[in-house]
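See structure below.
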Amino acid sequence: MPTVLANVNDLLEKRVLEETGEYASTGGRKAKSIGINKSYCHAMGILITANHIEMVLVNLGDEIIKKDRIRLKFTAELSYCTEVAQKVKTFLEGEVAKDTLLGIGVAIPGIIDQKERIVLKSHALGIENYSLRFLEQVLEIPVYFENDANAAMLAEKKQKYPNAIYLSLNHTLGGAFCIDGKLFRGQNQKAGEFGHMILVPGGRKCYCGKSGCADAYCAASVLTQDNRQSLDAFMEKIESGDEKNLQTWNEYLDHLAVLISNLRMAYDMDIILGGDVGGVLSDYMIPLGEKVMAYNGFEHDVSYLKNCSYKKEASAVGAAKYFFTKHMVEL
């Protein structure tokens, strides 16, 4: 107990913790309740896509205190980096004291060499061996680069999901998984590329050049007709009972169920449904669960299927949260 009290007092002095109220009296002096000082520090997260940047400002309580999505077409030119830096400066203006901002996490759809600060390959952005060092330089504060699906996994609470797979069901299908609370990256930084597992041999053409990839059947682009309609518009048609879209939705859930069943058999861990489609699946977990169980004769429930914590900003939030983990270790 003396050690615990000493540590608590130390964290109170550093303002990492703060008194949040009092407990009811049990006869003596009322006990103080103590919790995280959410405003002790902040971190910013950015998600870069082909046509937008998404920005979030997160406090130590994992709360998004500001967010914005700006149309900005990605280019490999240096001018793109300076424009991103200007958008960041405008976004942060007047929001938090500079000394409370730990850094900026940048999530990118691609394979990243973090040590060398290079995007080895990104189909979504159309780049290979792209250096991130100039972007790091113009942002002027500590920067952390991460694959977008890995970043989405980091947005989830490690205490809740120490061992889990994250299925990022966005325009393209990405994935990540952690073991004992740590991201598993694989020998070549390619672990979690579930979108390019063959789901239907000889099936639909995937943007990677192969045929039958899971991405061609389970990515959000299947529902949005490659962005010719919004996902919200598609879901509205489902709710209105449109037969053509209902057929597309049922086929989508069938293929997703096969992918989920395969991943469960391979890894035997929780599967978090994230990304744009993951954000709308919470209302369809029963029909999806029924389809999954039809393909998996070893289990009689799908309690291992989880809905994501952040429906829209997961990658940006996860990239930002890296700095909280790093800072607490240093404390």
Residue identified as of a type in the set (S, T, N, Q), in contact with a helix residue (DSSP H, G or I) (Cβ under 8 Å, 6 or more places away or on another chain) and not in a strand (DSSP E or B) among 188, 150: 150
Failed criterion for residue 326 (all others in (1) assigned to a helix (DSSP H, G or I); (2) in contact with a Leu (Cβ under 8 Å, 6 or more places away or on another chain); (3) modelled with pLDDT of 95 or more hold): (3)
Any chance residue 310 is assigned to a helix (DSSP H, G or I), surrounded by 14 or more Cβ atoms within 10 Å (Cβ to Cβ) and of a type in the set (Ser, Thr, Tyr): no
All positions within segment 91-112 that are outside any loop (DSSP other than H, G, I, E, B) and aliphatic (A, V, I, L, M): 92, 101, 102, 104, 106, 107, 108, 111, 112
Filter pass, residue 257 being touching a Gly at 6+ places or on another chain (Cβ under 6 Å), surrounded by 16 or more Cβ atoms within 10 Å (Cβ to Cβ) and not aromatic (Phe, Trp, Tyr): no
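The rows are residues; the columns are (1) surrounded by fewer than 18 Cβ atoms within 10 Å (Cβ to Cβ); (2) out of contact with any strand residue (DSSP E or B) (no Cβ under 6 Å at 6 or more places or on another chain); (3) at pLDDT below 95.
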residue: 97; (1), (2), (3): yes, yes, yes
residue: 104; (1), (2), (3): no, no, no
residue: 107; (1), (2), (3): no, no, no
residue: 126; (1), (2), (3): yes, yes, yes
residue: 134; (1), (2), (3): yes, yes, no
residue: 137; (1), (2), (3): yes, yes, no
residue: 142; (1), (2), (3): yes, no, no
Scan of segment 69-84 for residues that are of a type in the set (S, T, N, Q) and either in a loop (DSSP other than H, G, I, E, B) or surrounded by 20 or more Cβ atoms within 10 Å (Cβ to Cβ) (or both), ordered by number: 75
The listed residue being part of a loop (DSSP other than H, G, I, E, B) and in contact with a strand residue (DSSP E or B) (Cβ under 9 Å, 6 or more places away or on another chain), out of 66, 115, 30, 87: 30
Restricting segment 155-210 to residues that are over 22 Å from residue 106 (Cβ atoms) and small (Gly, Ala, Ser), the residue that is most open to solvent (accessible area, probe 1.4 Å): 202
Residue 23, sole failed condition from (1) within 24 Å of residue 149 (Cβ to Cβ); (2) free of Cβ contacts under 8 Å to residues at least 12 places away in the same chain: (1)
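The values are calculated or read from the model by the stated rules, or taken from the named source; none is laboratory data. Owing to the predicted nature of the structure, the values given are computational and were not obtained by experimental measurement. Here Cβ is always computed from backbone atoms with ideal geometry, including for glycine, and neighbour counts include all displayed protein chains. Note: accessible area is taken over every heavy atom of the protein model, side chains too, but ligands, DNA and RNA are not part of it. Shrake-Rupley method; radii C 1.70, N 1.55, O 1.52, S 1.80 Å.
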